[in-house]
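Here's the structure, in structure tokens; my notes come after.
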Amino acid sequence: MVRANKRNEALRIESALLNKIAMLGTEKTAEAVGVDKSQISRWKRDWIPKFSMLLAVLEWGVVDDDMARLARQVASILTNKKRPEATERSEQIQMEF
């Protein structure tokens, strides 16, 4: 049971890490870390799952505030609506010649 809980926590951490890399972008993440972008791609496949399990075992989870902030950012991007018109009425202006 404990192992299953740790595995679920590791999957949650892995998902959060991958989402943050995706939001920042592979190239920007690689530049910030000081490695080539192909290295980040390999990390996503090989190392991030292992690091996620290590963080779960050490009980070093992702803070819920960070996840909430990330969710708000994604929601604002996905629901980006047109700004309202600067006119008083939203009716079309008719011009007669």
Only residues in the stretch 29-52 that are under 20 Å from E9 (Cβ atoms) count as the first member; pair them with residues that are of a type in the set (A, V, I, L, M, F, W, C) and surrounded by 15 or more Cβ atoms within 10 Å (Cβ to Cβ), Cβ under 6 angstrom, at least 6 apart or cross-chain, and list the lot. I48/L17; S52/A10; S52/I13
Given the conditions (1) touching a Lys or Arg at 6+ places or on another chain (Cβ under 7 Å); (2) surrounded by 13 or more Cβ atoms within 10 Å (Cβ to Cβ), report the number of the one that E27 does not fulfil. (2)
Of the candidates E59, E91, E27, the one satisfying the condition of being assigned to a loop (DSSP other than H, G, I, E, B) and at pLDDT 75 or above is E59
Mind checking which pairs have a first residue in the stretch 1-23 that is within 14 Å of E59 (Cα to Cα) and free of Cβ contacts under 8 Å to residues at least 12 places away in the same chain and a second that is surrounded by 17 or more Cβ atoms within 10 Å (Cβ to Cβ) and not hydroxyl-bearing (S, T, Y), Cβ under 9 Å, 6 or more apart or different chains? N5/A56; N8/A56
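The values are calculated or read from the model by the stated rules, or taken from the named source; none is laboratory data. Just so it is clear, the structure is predicted and the values come from calculations on it, not from any experiment. As a convention, Cβ positions derive from the backbone with ideal geometry for all residues, glycine included, and neighbour counts pool all protein chains shown.
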